[in-house]
1. Got a number for residues in segment 97-127 being of a type in the set (Lys, Arg) and part of a loop (DSSP other than H, G, I, E, B)?
2. Find the strands (runs of 3 or more DSSP E) located wholly in segment 128-215 whose residues include 1 or more that are in contact with a His (Cβ under 8 Å, 6 or more places away or on another chain) and aromatic (Phe, Trp, Tyr), and list them.
3. Which is away from ligand 1 (no atom under 14 Å from the Cβ), under 16 Å from the mean Cα position of the chain (by Cα) and β-branched (Val, Ile, Thr), of VAL156, VAL190, VAL167, VAL162?
4. Can you pull out every residue in segment 157-215 that is among the small types (Gly, Ala, Ser), away from ligand 3 (no atom under 16 Å from the Cβ) and within 18 Å of ARG39 (Cα to Cα)?
5. Would you check which residues across segment 168-198 are within 22 Å of THR112 (Cα to Cα) and in contact (Cβ under 8 Å) with a residue 60 or more places away in the chain and list them?
6. Kindly indicate the residue of segment 53-86 that is assigned to a strand (DSSP E or B) and within 16 Å of ligand 3 (Cβ to nearest atom) and also surrounded by the fewest Cβ atoms within 10 Å (Cβ to Cβ) among those meeting that condition.
7. For LYS184, work out the one condition from (1) within 11 Å of ligand 2 (Cβ to nearest atom); (2) basic (Lys, Arg); (3) at negative phi it doesn't fulfil.
Amino acid sequence: MSYPENVVVLKSNHQLKGLFTIIRNRETKREDFIFYSDRIIRLLIEEGLNCLPFHETTITTPTGCEYQGVTFASKICGVSIVRAGESMEAGLRAVCKHIKIGKILIQRDEETAMPKLLYAKLPSDIANRQVLLLDPMLATGGTVSQAVEVLLERGVKQENIVFINLVAAPEGIKIFTEKYPKVKIVIGEVDSNLNEKKYIVPGIGDFGDRYFGTE
Ligand code: PRP
Ligand code: URA
Ligand code: MG
């Protein structure tokens with residue numbers, strides 16, 4: 001399958017597939033679900049950081065030689081879509097010391113699957129930052145679209161947003177990328193489709209419930 005250029009799907013290998021096999025298995029206990037989801041989240045965040053702008057720099061190594069390297073070109077922050085997106089905050093903090101993390105609370109109606117925005121608290125200077133937007137599930141695309149609208153209203157540019165996501169449905173990718181062609185997306189695996197309840201299949205089930213133990 002081919003995607004627009006701003007969509008990055010993690011390269012599949014036995015290691016990644018093995019991690020997804022564990023978290024997708026309905027028999028997997030909560031502690032393993034958390035442990036192996038966290039491992040995938042870490043890979044996604046590293047890939048997300050790779051999407052950020054950098055500039056070239058030269059440093060001197062302890063041998064007195066010069067090394068042509070790179071350094072991040074701008075300030076970053078995280079924004080998690082509460083609740084399931086909060087599961088990705090620890091992974092982000094583990095690789096970005098002292099990172100500011102905003103929150104947007106959006107809940108999908110369980111009957112209609114329509115998202116409802118309930119709360120947002122974001123860094124005051126967010127318009128001047130690159131934003132790593134966190135939510136493990138991209139189903140219809142309604143939730144992440146509403147979160148992006150909040151960011152745009154606060155002055156964040158589309159091209160300064162990287163959406164980091166574990167599992168996506170093709171329907172959600174299509175809607176979202178057509179609406180926000182400049183937002184970058186990093187995805188762990190793309191699934192087959194949405195079922196009649198707008199759940200991703202084969203999917204993971206309700207990620208938030210499995211991660212936080214509220215099934
Ligand atoms: C889930 C998930 C996404 C959203 C995806 O959240 O974490 O935010 O649904 O669906 P969509 O693409 O169709 O909008 P949910 O509202 O179930 O809340 P939760 O985070 O508390 O599990
Ligand atoms: N939210 C989830 O947690 N899982 C889905 O499949 C769809 C939305
Ligand atoms: Mg949920």
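Rule-based calculations on the coordinates, nothing more; no lab input. Model, not experiment: these values are computed from the prediction. Quick reminder, even Gly has a Cβ in these numbers, built from the backbone with ideal geometry, and neighbours come from all protein chains shown.
1. To start, the set of residues in segment 97-127 that are of a type in the set (Lys, Arg) comprises 97, 100, 103, 108, 116, 121.
Then keep just the ones that are part of a loop (DSSP other than H, G, I, E, B); that gives 97, 100.
Adding up the residues that qualify gives 2.
2. Details: elements: 130-134, 161-168, 184-190.
Per the criteria, no element qualifies.
3. Working: VAL156 fails: under 16 Å from the mean Cα position of the chain (by Cα); VAL190 fails: away from ligand 1 (no atom under 14 Å from the Cβ); VAL167 fails: away from ligand 1 (no atom under 14 Å from the Cβ).
On inspection, the qualifying residue turns out to be VAL162.
4. Going residue by residue through segment 157-215, those that are among the small types (Gly, Ala, Ser) are 168-169, 172, 188, 192, 203, 205, 208, 213.
Among the residues that remain, those that are also away from ligand 3 (no atom under 16 Å from the Cβ) are: 188, 192.
If the condition is that a residue be among the small types (Gly, Ala, Ser), away from ligand 3 (no atom under 16 Å from the Cβ) and within 18 Å of ARG39 (Cα to Cα), then GLY188 is the only one that fits.
5. Residues of segment 168-198 that are within 22 Å of THR112 (Cα to Cα), as a first pass: 168-176, 179, 191-198.
PRO170, ILE173, LYS197, LYS198, listed by residue number.
6. To start, the set of residues in segment 53-86 that are assigned to a strand (DSSP E or B) comprises 54-60, 66-72, 76-82.
With within 16 Å of ligand 3 (Cβ to nearest atom) added as a condition, the list becomes 80-82.
Working: SER80: 23, ILE81: 25, VAL82: 21.
This residue is VAL82.
7. LYS184 satisfies every listed condition except (1).
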